[in-house]
Amino acid sequence: MNVQQHAQEIHEQFSDRLDITVEDVQERLKTLVNEYKVPADEARRSVISRYLEEAGMDRDQLGGGSGGGNETVLASEIDRDEQWVDLRVKVAQLWDPNSESISQVGLLGDESGTVKFVSFATSELPELEEGKSYSLQNVVTDEYQGRYSVKLNRTTTITELDEEIEVGDDSTEVEGALVDIQSGSGLIKRCPEEGCTRVLQNGRCNEHGEVDGEFDLRIKGVLDDGEEVHEVIFNEESTEELTGITLAEAKEMAMDALDTTVVADEMRTKVLGQYYRVSGPTLGRYVLANDIERLGAPDTEQMLIKARSQ
């Protein structure tokens with residue numbers, strides 16, 4: 001979606017609350033994109049946050065736009081945050097919420113796999129029942145540690161389905177040499193606001209502005225099996241398993257050096273060039289590393305024999 005399309009969408013969402021034109025919105029977006037080199041999606045989030053503040057609105061009052069008509073997507077097709085979508089899913093599992101502000105949390109599934117969902121108490125929605133299938137209209141996507149989820153909000157419409165939705169398996173297994181650790185890896189900070197887990201950029205959350213972030217560990221890595229590459233995300237637990245560096249140790253390293261980048265540099269020395277087998281769900285272009293196995297270097301002679309036979 002380009003800047004003009006973003007501007008039209010945002011204007012639809014706020015035109016009944018604020019005296020703004022499409023041109024006003026477009027100008028704000030262009031300033032962020034062209035002058036400050038902010039990616040279009042991030043610029044969109046920043047402008048929406050500004051208008052929410054001006055209108056005195058909560059984000060879950062926003063909805064997907066006055067025109068409606070969200071795209072109905074599969075769980076596996078969710079690949080970015082703050083996307084308004086419709087789903088046809090089965091409640092695969094419910095968990096006990098860890099906060100009084102959360103009404104329900106669990107897994108929704110369809111033939112493509114599963115996605116986590118959260119329903120907040122303030123939304124006052126009917127409760128979903130485990131094992132039943134629903135049409136969910138106007139839910140918003142979110143992202144945490146590379147894994148996407150959906151949030152039900154006060155504009156969400158819940159309709160129980162007569163049919164039963166089959167839940168598929170979205171896990172995959174990849175292996176190869178870890179050849180790259182991408183930017184945004186190592187010791188990072190996330191927004192501490194409830195329901196928000198965005199990685200901070202220069203101390204700022206795209207939605208909540210300047211905040212005191214909470215430290216976390218993450219590796220965005222690339223595995224190369226000799227034929228193709230696979231992008232993999234390791235969350236805090238799997239990053240500690242992979243590198244042997246705990247969150248506490250990473251914070252101490254950064255404090256000693258007065259620089260958080262030393263953590264990613266140290267991780268590179270420990271894992272680059274090593275061979276791993278990783279399994280977990282596929283989320284957009286990434287595999288989320290739920291299980292990790294360290295492998296020995298492949299037999300070069302066997303690899304040559306295999307290559308010649310192809």
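The values are calculated or read from the model by the stated rules, or taken from the named source; none is laboratory data. Owing to the predicted nature of the structure, the values given are computational and were not obtained by experimental measurement. In this analysis, Cβ positions are derived from the backbone assuming ideal geometry, glycine residues included, and neighbour counts consider all displayed protein chains. Areas reflect the complete protein model, heavy atoms only, side chains present, ligands, DNA and RNA absent. Shrake-Rupley method; radii C 1.70, N 1.55, O 1.52, S 1.80 Å.
Here each label is just a point 7 Å from Cα along the line to Cβ, and for Thr122 and Thr172 those points are 3.7 nm apart.
The C-alpha atoms of the chain define a longest principal axis, and helix 300-309 lies at about 70 degrees to it. Here, the chain is characterised by an Rg to Rh ratio of 1.00, where Rg is the alpha-carbon radius of gyration and Rh the Kirkwood radius. What's the carbon and sulfur percent of segment 206-286's accessible surface, probe 1.4 angstrom, rounded to a whole number? Its accessible area is 43 percent carbon and sulfur atoms.
Over the chain, dividing the summed -39,500 (n - 2.57) contributions of all DSSP H runs of at least 4 residues by the number of residues returns a 222 nm mean residue ellipticity of -7500 deg cm²/dmol.
Can you give the Rg to Rh ratio of segment 105-156, both from alpha-carbon atoms, with Rh computed by the Kirkwood formula? Provide the component values of the computation, followed by the final result.
Details: Rg = 11.0 Å, Rh = 11.7 Å.
Looking at segment 105-156, the ratio lands at 0.94.
Taking every lysine pair in the chain that is 8 or more places apart or spans two chains, those with Cα atoms closer than 26 Å amount to 18. Using the Karplus relation 6.51 cos²θ - 1.76 cosθ + 1.60 with θ = phi - 60°, the per-residue 3J(HN,Hα) values for segment 172-182 come to 9, 10, 10, 8, x, 7, 7, 9, 7, 10, 7 Hz, with x marking Gly and Pro. Dimensions of segment 174-248 from C-alpha coordinates, computed as largest minus smallest value along each principal axis and given longest first, are 43, 25, 20 Å. Ligands, DNA and RNA are left out, and with a 1.4 angstrom probe the accessible area of the chain is 53 Å² per residue. Normalised size of segment 154-295, defined as Cα radius of gyration per 2.2 N^0.38 Å with N residues, equals 1.24.
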